[in-house]
Every structure is written in structure tokens, then in C-alpha cells.
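Encoded as C-alpha cells, the structure appears first; notes follow it.
The values are calculated or read from the model by the stated rules, or taken from the named source; none is laboratory data. Not measured: the values here are computed from a predicted model. For neighbour counting, all protein chains shown are included, and Cβ atoms are generated from backbone atoms with ideal geometry for every residue, glycine included. When the accessible area is computed, the model is the full protein with side chains, heavy atoms only, and any ligands, DNA or RNA have been set aside. Shrake-Rupley method; radii C 1.70, N 1.55, O 1.52, S 1.80 Å.
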Amino acid sequence: MFTSAAEHKPRALSKLALPYILVAPAVFVALAIAGLPLLYALWLSFQDWYLLRSPQPVWGGLVNFQALLTDSALWRAFWRTWIWTLGTVAVEIALALPLALLLNRDTAIARLASALILLPWVTPFIVLGYGWRFLLDSEVGILHAVLQLLGLAGNSSILNDPNMALAVITFISGWKGMPFMVLALLAALKSIPVELYEAAAIDGASPWQRFVGITLPSIQNTILIIGLVLGILAFYSFDLPWIMTRGGPQDATTILGITMFKAVFTDLRPAYAAAISIVMLVILATASFLILRLRRQE
């Protein structure tokens, strides 16, 4: 009996450990990809490293974080980034919701449109950015000519207007992210039982009442989670505003991603850029935690 139990124990342990052994390489790679750069950025944020003064980083403590508090340009970029992020998510939801409701109908046109709607999502930022710049160009842009006819643009491109540039590229950012939200909402809409709508129709509920009473509660979690994911992506944006406006005119479209880029490659202060990235991470993690916690309490 003793010998048999001793033989079975190693086998049970190896069977228990097998799943962990199989997933260990993937977990290690994931931690290496995500964890090591984060740890390096955290270490770098506590260094005093100005490339014109020293080729090597030296310990600076909280010097970068103290500089953050007194950098008025950074704070303007911070609030601008929130406008950009919330505006992008708002545009994505505003465009995606009606499209998802239309594509939820099982027709050949809806199936074709479901595939075509992915085009903005799969198109690279560089192509989209220069395409929109061409459309809004004051000399050859078709869209600029239309805006001129409507009295919304003058002789110069609307991208050169400090009051309009951020709104324009925010809309384009939302338009590019919209397909992801459409697909997520479509999946959520498909999961709603048809019997609910049939019962509501028998009870005399109007289409609007069915939307508010059945559709909206069924997809609100999807809107929240996908909106949160897309919002995080927008908060870290750099490529689209940089391609379209380089942060101008007059810093009107300079968001935190561009500020970090300039801190490294223009001001030659990589440690300061690392401190900005750490603060961004903390802010986003806190905001995400609070949003999800509030959602669970409802």
C-alpha cells in the first residue's frame, strides 16, 4: 500500500504541474514584452538625463516629476489629450451605434457592408493621415472646397486653424476607430433574443421603447468595455495627429504623445519623457479601475 501511494504521488504532482509548465513560456514572453519596458521606464523616470549635458543617466530622484508640476505646456497638452480621448470615443459611439443597428439586419447589403466597414480600421495611419491631409488641402482638396462652399473654411486649410484643427483630427480619429466598435456592437446585438422584441411588440411597445428598454441595456456593457479600450488607445495616440498637423498650429493639437516625442528627440530629455509616460500609466490605470468599479456597483 505504501509503495503504491508513493508511486502515485509524483504522477499526481506532474499532472498538476503540466498546465503551468505548458503556459510558462507564453507567460514569460508576455511578461518580458510588457514588464521589462515598464520597469526600464520606471527606472529611467528617476534619472536626471539631459543628453547635451551627460551621455549617461545619473540618479535624479524626483527631479523629473517636480518638473512636470511646473511645466505649463505639458498641462495644456494633458487637458488637450483628455478632450482628444473623450471626443474620439464619443465620435466612435455616435457613428458606430446607428451603423450597427442597420447592419444587424440579415440582408446581402448588410453582409457586404459589414466587410467594407473594416476598411478604415485596417488601413495604416500613414495612408489615412496623408489621405485626409490631401482631402483638406487648401489648393487641391475636394473636401476643403466643399467646406468653403458651406462657409466652414476660408482660403487656408482647416487644419491650419488653431480653433478647428483639434476638432477635425479628433473626428478623423473617431472615424478610424469606429469599425471596431461596430463589430463589437453587432456581436452584442446578435446575442439579444428575438423573443424579447416579439413580446414587447405584442405589449404595444414602440420601436423607440424597444430600443431604450431592450437594446440599450443589452449593449451598454459592450459600449463601456470597448469604449474603455478605445479610449486607452486614443490617450496614447501619437501617429495620426503627428502625421496630420505635427502638433500645430500653435500647439493646438499637441497631445501627450507628441509632447513625449518632442521631449526625447527635440529637447533630448528621455528621462523626462519616461516620467510623463509613468504618470500617463498611473492616470489611465486609476481611471480604468474607477470606471469598472462604478460599473460593478450599479
Where a residue in region 192-205 is touching a residue at least 24 places away in the same chain (Cβ under 8 Å) and closer than 19 Å to ILE219 by Cβ and its partner, wherever it lies, is hydrophobic (A, V, I, L, M, F, W, C) and in a helix (DSSP H, G or I), with Cβ under 9 Å and at least six apart: ILE192/ILE214; ILE192/ILE219
In the set ILE109, ILE126, the lone residue that is of a type in the set (A, V, I, L, M), under 30 Å from ILE226 (Cα atoms), open to solvent by 60 Å² or more (accessible area, probe 1.4 Å) and at pLDDT below 85 is ILE109
Which of the residues belonging to region 56-91 are within 20 Å of ILE258 (Cβ to Cβ) and among the small types (Gly, Ala, Ser)? ALA67, SER72, ALA73, ALA77, GLY87
Would you tally the residues in region 217-243 being farther than 16 Å from ILE93 by Cα and open to solvent by 10 Å² or more (accessible area, probe 1.4 Å)? 6
Given the condition open to solvent by 50 Å² or more (accessible area, probe 1.4 Å), aromatic (Phe, Trp, Tyr) and on the phi < 0 side of the Ramachandran plot, answer yes or no: does some residue in region 269-288 qualify? no
Let me confirm something: among ALA115, ALA94, which residue is more than 26 Å from LYS262 (Cα to Cα), at pLDDT below 95 and hydrophobic (A, V, I, L, M, F, W, C)? ALA115
All positions within region 153-201 that are among the β-branched types (Val, Ile, Thr), under 19 Å from PRO98 (Cα atoms) and within 23 Å of the chain's Cα centre (by Cα): ILE172, VAL182
Residue by residue through region 95-106, note down the ones that are part of a helix (DSSP H, G or I) and in contact (Cβ under 8 Å) with a residue 24 or more places away in the chain. LEU95, ALA96, LEU97, LEU99, ALA100, LEU101, LEU103
Looking at (1) out of contact with any Ser or Thr (no Cβ under 9 Å at 6 or more places or on another chain); (2) closer than 19 Å to LEU99 by Cα; (3) among the polar types (S, T, N, Q), which one does SER206 not meet, given that it meets all the others? (2)
Pairing a residue in region 151-175 that is in contact (Cβ under 8 Å) with a residue 12 or more places away in the chain with any residue that is of a type in the set (Phe, Trp, Tyr) and assigned to a helix (DSSP H, G or I), where Cβ atoms lie under 6 Å and the two sit 6 or more apart in sequence or on different chains, gives THR170/TRP84; ILE172/TRP132
